[in-house]
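> Let me begin by handing over the structure; questions about it come next.
The values are calculated or read from the model by the stated rules, or taken from the named source; none is laboratory data. All of these numbers come straight from a predicted model, not from anything done at the bench. With ideal geometry, Cβ positions are generated from the backbone for all residues, glycine too; neighbour counts draw on all protein chains shown.
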Amino acid sequence: MEYRVAQLEALGRFLDEKKEDILEAIALDMGKPPFEAELSEIFLCKNELHEALNNLSHWVKDQHVDRNLVMQLDSTFIRKDPYGVVLIIAPWNCPISLLLGPLIGAVAAGNCVILKPSEVTKNTERLMAEALPSYLDKDCVALVTAGVQETTRLLENKFDYIFYTGNPSVGRIVMAAAAKHLTPVMLELGGKNPCYVCDTCDVQNVARRVAWGRFFNAGQTCAGPDYVLCSAEMQEKLVPALRKAITDFYGFNPRVSPDFARIVGDTHFQRVQALLRSGRVVIGGQTDEKERYIAPTVLVDLQPSDPVMQEEIFGPILSIITVANMDEAIDFINSRERPLVVYAFSSDDKVVNQVLERTSSGGFCGNDTLMHVMLTSLPFGGIGNSGLGMYHGKFTFDTFTHHRGCLHRNMGREALNTLRYPPYSQQKLGIVRAASEVKRKGACTLL
Ligand code: NAD
């Protein structure tokens, strides 16, 4: 406990003392506004850290569990064992919190960790490689800087657990490498998060909440709303409301706004820019390759087969697809891969609940975007194509913990055990069953 707490406290000092360097490195890598960087990188990590430090003494304790009649005098408990050596591979879009968030849970659970930050965000990677090791015990945490080739080699090693965050195609590569050693994996992947907007809602509030979630970090957020599903009538009202929200947030020229980020690299820029050819641009659409700037953009008149509706956008583009009603929106969502998040907006709670009940996704957020990610009390993770496993708060500790089921029996009272030893008899079986049976609630015990 003391050792783990000391490592976590040291991680907290790293975040405090290197805060300015972190914000600067992230700004250099993708022009992430300091407000967004502080919120999504440092603040989220500090919350996770405090949650772990506040509760670790309870989390690590053996969890005593029910016993049957035969074991009344024995001890039955779940021991919280670390897996051993775990590998954490992180992406570039939140290069600090997606690396250190899992690290907090891994260390809290008692593991040794190999950290592999993204090579795409070069300045942040360098800062982490240079500064972090001096805060943490090198026998416990090692950081490896690696591109695809080196990571491929790294994955040939036998780890006890692999935590991967990134896109689904690399997720498959990681899972295949883990399968060679039967290593358990956690996959935090991406996808297209749908956002249903019902006809009865406060349009301007919806526009603000959707625009914030979509254009935060220039759309490079795995949990951001990827496309809106709404009626043609709602689209008529939503587009001007989105235009107003974008102007309120970033001014008439978002390019000069200090609150709007840039695309992380040239390849990503070209990929996102190409998506602008889908449908019709009704807001934004301007780009500048030198700056890797893509304006907050809204696309309409789209077909489900358009490129922008096929791949995860991961850029500042919001697509709008019109549907006749909620049923059609739900059918649309269910006809595609299960997303990381489903969003639903309506002034009528019944509508929000219907979308929740009739769809499947990693998480759900009604009448807002991204805010569910802020809570350490909610599990965060995907399902199907959007991932495997969950974390945040205690869920991170559990993810990196092997729950070892333990029974510690007494050496004596052997007479009780003879009932299960050969020579067997129907009478012995009856007694063993009666003493250890899990009875169905409400079942009649007289029969
Ligand atoms: P990325 O390119 O930085 O890749 C992620 C990590 O995988 C990096 O560390 C990289 O070095 C490594 N990698 C890349 N190719 C590899 C290969 N062939 N073999 C081994 N390792 C390899 O990031 P990305 O994948 O572009 O990140 C964006 C994706 O991540 C999006 O799909 C996004 O939705 C998803 N994402 C998911 C979450 C989540 O929590 N579910 C969070 C953030 C991002």
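> Exactly one of (1) more than 7 Å from the ligand (Cβ to nearest atom); (2) surrounded by fewer than 22 Cβ atoms within 10 Å (Cβ to Cβ) is unmet by C195. Its number?
Of (1) more than 7 Å from the ligand (Cβ to nearest atom); (2) surrounded by fewer than 22 Cβ atoms within 10 Å (Cβ to Cβ), only one is false for C195: (2).
> Sticking with this structure for a sec: Testing N93 on (1) touching a helix residue (DSSP H, G or I) at 6+ places or on another chain (Cβ under 6 Å); (2) within 27 Å of E38 (Cβ to Cβ); (3) within 11 Å of the ligand (Cβ to nearest atom); (4) not aromatic (F, W, Y), one condition comes back false. Which one is that?
If we test N93 against (1) touching a helix residue (DSSP H, G or I) at 6+ places or on another chain (Cβ under 6 Å); (2) within 27 Å of E38 (Cβ to Cβ); (3) within 11 Å of the ligand (Cβ to nearest atom); (4) not aromatic (F, W, Y), just (1) comes out false.
> Could you check H268 against (1) within 16 Å of the ligand (Cβ to nearest atom); (2) in contact with a Cys (Cβ under 6 Å, 6 or more places away or on another chain) and say which number it fails?
(2)
> Please work out which one of (1) more than 11 Å from the ligand (Cβ to nearest atom); (2) free of Cβ contacts under 8 Å to residues at least 60 places away in the same chain; (3) more than 20 Å from E36 (Cβ to Cβ); (4) surrounded by fewer than 17 Cβ atoms within 10 Å (Cβ to Cβ) is the condition T247 fails and give its number.
Tallying (1) more than 11 Å from the ligand (Cβ to nearest atom); (2) free of Cβ contacts under 8 Å to residues at least 60 places away in the same chain; (3) more than 20 Å from E36 (Cβ to Cβ); (4) surrounded by fewer than 17 Cβ atoms within 10 Å (Cβ to Cβ), T247 fails exactly one: (3).
> A follow-up question, please. Hey, D202 hits all of (1) away from the ligand (no atom under 14 Å from the Cβ); (2) acidic (D, E); (3) over 28 Å from D259 (Cβ atoms) but one; which does it fall short on?
In the conditions (1) away from the ligand (no atom under 14 Å from the Cβ); (2) acidic (D, E); (3) over 28 Å from D259 (Cβ atoms), D202 misses (3) alone.
> Of all residues being more than 7 Å from the ligand (Cβ to nearest atom) and of a type outside the set (S, T, N, Q) in segment 181-192, which is farthest from P225 (Cα to Cα)? Just the residue, please.
Per the stated criteria, the residue is H181.
> Kindly list the number of the only condition in (1) touching a residue at least 40 places away in the same chain (Cβ under 8 Å); (2) among the basic types (K, R); (3) part of a loop (DSSP other than H, G, I, E, B) that fails for R67.
(1)
> Here is a list: A261, A241. Which entry is crowded, with 18+ Cβ neighbours inside 10 Å and within 16 Å of the ligand (Cβ to nearest atom)? First the steps, then the outcome.
On the way: A241 fails: within 16 Å of the ligand (Cβ to nearest atom).
Residue meeting the stated conditions: A261.
> May I ask you to list pairs of residues, at least six apart or on different chains, whose Cβ atoms are under 8 Å apart, with the first in segment 1-29 being outside any helix (DSSP H, G or I) and the second being modelled with pLDDT of 95 or more and not polar (S, T, N, Q)?
Filtered contacts from segment 1-29: M1/L56; M1/V60; K18/L127; K18/A131.
> Please enumerate the residues belonging to segment 102-131 that are within 13 Å of the ligand (Cβ to nearest atom), in contact with a strand residue (DSSP E or B) (Cβ under 7 Å, 6 or more places away or on another chain) and either closer than 21 Å to N54 by Cα or in contact (Cβ under 8 Å) with a residue 60 or more places away in the chain (or both).
Of everything in segment 102-131, just one residue is within 13 Å of the ligand (Cβ to nearest atom), in contact with a strand residue (DSSP E or B) (Cβ under 7 Å, 6 or more places away or on another chain) and either closer than 21 Å to N54 by Cα or in contact (Cβ under 8 Å) with a residue 60 or more places away in the chain (or both), namely P102.
> Here's a follow-up. Among (1) surrounded by 17 or more Cβ atoms within 10 Å (Cβ to Cβ); (2) over 28 Å from P339 (Cα atoms); (3) under 23 Å from the mean Cα position of the chain (by Cα), which single condition is L136 missing?
Failing condition for L136: (3).
> Looking at segment 156-168 only, could you name the residues that are crowded, with 22+ Cβ neighbours inside 10 Å and within 9 Å of the ligand (Cβ to nearest atom)?
Hits for segment 156-168 are Y164, T165.
> When segment 301-331 is examined, which residues are found to be within 16 Å of the ligand (Cβ to nearest atom) and either in a loop (DSSP other than H, G, I, E, B) or basic (K, R) (or both)?
Matches in segment 301-331: E311, E312, I313, F314, G315, P316.
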